[in-house]
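Heads up: the structure comes next, in structure tokens.
The values are calculated or read from the model by the stated rules, or taken from the named source; none is laboratory data. Quick caveat: nothing in here was measured; it's all calculated off a predicted structure. Quick reminder, even Gly has a Cβ in these numbers, built from the backbone with ideal geometry, and neighbours come from all protein chains shown.
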Amino acid sequence: MAVQQVNATKSDTLGAQKGFSFRIFGPGILMASAAIGGSHLISSTQAGALYGWQLAVMIVLANIFKYPFFRFGTDYVYDTGESLIAGYAKKSTAYLWIYFILSVLSAVISTGAVALIAAVILGFMLPASVNLSTLSLSIIVMAVSWVFLIGGHFRLLDKLTKWIIISLTAATIAAVVIAAGKPTVMAPDFIAVSPWNLATLGFIVALMGWMPAPLEFAAITSMWTSAKMKTDHTNHKQGLLDFNTGYLISAILALFFLALGVFVQFGSGQEIEIAGGAYINQLINMYTSTIGDWSKLLVAFVAFMCMFGTTITCADGYGRANAECWRLIQGQSDISKKQVAFWTSYAVGGGLLIITFFTGQLGAMLKFAMISAFVSAPVFGWLNYSLVKNHQKLSPAMNALSIAGLLFLAGFAVLFLLNLVGILG
């Protein structure tokens, strides 16, 4: 521990000497890249299209109440020099195994879900003469992602995601601003529907499941942060700036996607596609109907790059996290490249099996992935809170927010499970 504290102090000193630079951004932006996936492009936009501004409050609450558990990943790394996963192992072997089992399951579900969205968008971009199935396109996306990661291009991933996020942010803000300036045309027989009933609970839980990202990504982000701290010698203040920037971008963009659905589809009389890849077409058409037809392929390319980046980020993150878990279980001192390659391949290969099972059922797969992420969120939240609370003194405000967050996540998870088994019905 003494060596870790010296290393952390050394990184603080070197980071402080270098001052502010664009180079300090990395793990937080990577997390934002992973976050801006199905929850933003699809669920947030659908929420606006179906219910107007009503579910904005749930997006805001999900981001607020998950914030401390994500932030703990950054705080813990700079305080100790090690990842949250290493902290789980020190606190209790049971903590490590709980995270490992849930992460092994989440790896294939989340990676497969985001890769499937990327494949559907890729199919939208290709000319009609190229007749490839969604499964074939998914294999291409996964194969390229695997080659990218096995080649060890983490530094390139670090740089690439920054430009992907900037491009998508600019396109989305432009589309929302233009759409907001156009007159709203409501269908004469339109009646607003309330989401505040048990029938909509599944949709709300799915919306919050990946908002802003699955909560196990806190530990994954701590792995990226540890690597960033060692290579670029960033300090705690810079690390928090990176984390807060990425988190804020993700939260704000979720509201912009909601606004896009409100301004373009809500009350228009257009049937909103809920299941399958059809909503991807509607999403791209929202941009083109506001920005112009010239932007169709450009926006589709940016959306694809966003989901492709998310696929790579998920496979890399789960690969590193599971390799770290396995290292600690085996009592090894360092992660080997073979371990990272194995668990990355597991995320990619397992994700492809999930895609094969859910081929033609994009909506069902996404809903399953998002709901499972939300139901497991209280467990990950408790792991992070109990670890950090025993390691450092939390401020009264952060402690209160953490407890409120646990109650919020657990309360909705229990409510959803009770409704699922028919007790509330």
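I'd like to check something: does the stretch 312-334 contain any residue that is over 24 Å from Ile98 (Cβ atoms) and modelled with pLDDT under 90?
Residues of the stretch 312-334 over 24 Å from Ile98 (Cβ atoms): 312.
Still in the list and also modelled with pLDDT under 90: 312.
Yes, there is a match, as at least one residue in the stretch 312-334 is over 24 Å from Ile98 (Cβ atoms) and modelled with pLDDT under 90.
Only residues that are of a type in the set (A, V, I, L, M, F, W, C) and out of contact with any helix residue (DSSP H, G or I) (no Cβ under 7 Å at 6 or more places or on another chain) were counted across the stretch 330-351, and they come to 1. Restricted to the stretch 83-92, and to residues there that are touching a residue at least 12 places away in the same chain (Cβ under 8 Å) and assigned to a helix (DSSP H, G or I), the residue that is farthest from the chain's Cα centre (by Cα) is Lys91.
The rows are residues; the columns are (1) within 19 Å of Leu61 (Cβ to Cβ); (2) exposed (fewer than 15 other Cβ atoms within 10 Å of the Cβ).
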site	(1), (2)
Ala341	no, no
Phe374	yes, no
Trp382	yes, no
Gln392	no, yes
Phe408	yes, no
Ile423	no, yes
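Annotation: of all residues in the stretch 218-241 being buried (at least 24 other Cβ atoms within 10 Å of the Cβ) and not hydrophobic (A, V, I, L, M, F, W, C), the one that is nearest to the chain's Cα centre (by Cα) is Thr221. Inspect the stretch 249-259 for any residue being of a type outside the set (S, T, N, Q) and surrounded by fewer than 17 Cβ atoms within 10 Å (Cβ to Cβ) and give the result as yes or no. Yes, because at least one residue in the stretch 249-259 is of a type outside the set (S, T, N, Q) and surrounded by fewer than 17 Cβ atoms within 10 Å (Cβ to Cβ).
Can Leu417 be described as more than 13 Å from Pro214 (Cβ to Cβ), touching a residue at least 12 places away in the same chain (Cβ under 8 Å) and surrounded by fewer than 16 Cβ atoms within 10 Å (Cβ to Cβ)? Can you show your working first?
Working: more than 13 Å from Pro214 (Cβ to Cβ): yes; touching a residue at least 12 places away in the same chain (Cβ under 8 Å): yes; surrounded by fewer than 16 Cβ atoms within 10 Å (Cβ to Cβ): yes.
Yes: the conditions hold for Leu417.
Among the residues of this structure, Gln282 counts as one that is out of contact with any Leu (no Cβ under 9 Å at 6 or more places or on another chain), under 21 Å from Lys182 (Cα atoms), surrounded by 17 or more Cβ atoms within 10 Å (Cβ to Cβ) and of a type outside the set (Phe, Trp, Tyr).
Residue-wise test of (1) modelled with pLDDT of 90 or more; (2) of a type in the set (Lys, Arg); (3) surrounded by 19 or more Cβ atoms within 10 Å (Cβ to Cβ); (4) over 13 Å from Thr313 (Cα atoms).
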residue	(1), (2), (3), (4)
Leu126	no, no, no, yes
Ser138	yes, no, yes, yes
Met142	yes, no, yes, no
His153	no, no, no, no
Leu156	no, no, no, no
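Quick check on this structure: which one of Leu417, Leu366 is more than 21 Å from Ala218 (Cβ to Cβ) and either out of contact with any Leu (no Cβ under 9 Å at 6 or more places or on another chain) or among the acidic types (Asp, Glu) (or both)? Give the steps one after another, and end with the answer.
Working: Leu366 fails: either out of contact with any Leu (no Cβ under 9 Å at 6 or more places or on another chain) or among the acidic types (Asp, Glu) (or both).
Every option except Leu417 fails the conditions.
Among the residues here, Phe368 qualifies as within 17 Å of the chain's Cα centre (by Cα) and either under 22 Å from Met208 (Cβ atoms) or aromatic (Phe, Trp, Tyr) (or both).
Can you confirm whether the stretch 400-410 contains a residue that is at pLDDT 90 or above, closer than 19 Å to Met211 by Cβ, touching a helix residue (DSSP H, G or I) at 6+ places or on another chain (Cβ under 9 Å) and not hydrophobic (A, V, I, L, M, F, W, C)? Yes. Considering the conditions (1) within 22 Å of the chain's Cα centre (by Cα); (2) free of Cβ contacts under 8 Å to residues at least 24 places away in the same chain, Lys389 is excluded by exactly one of them, (1).
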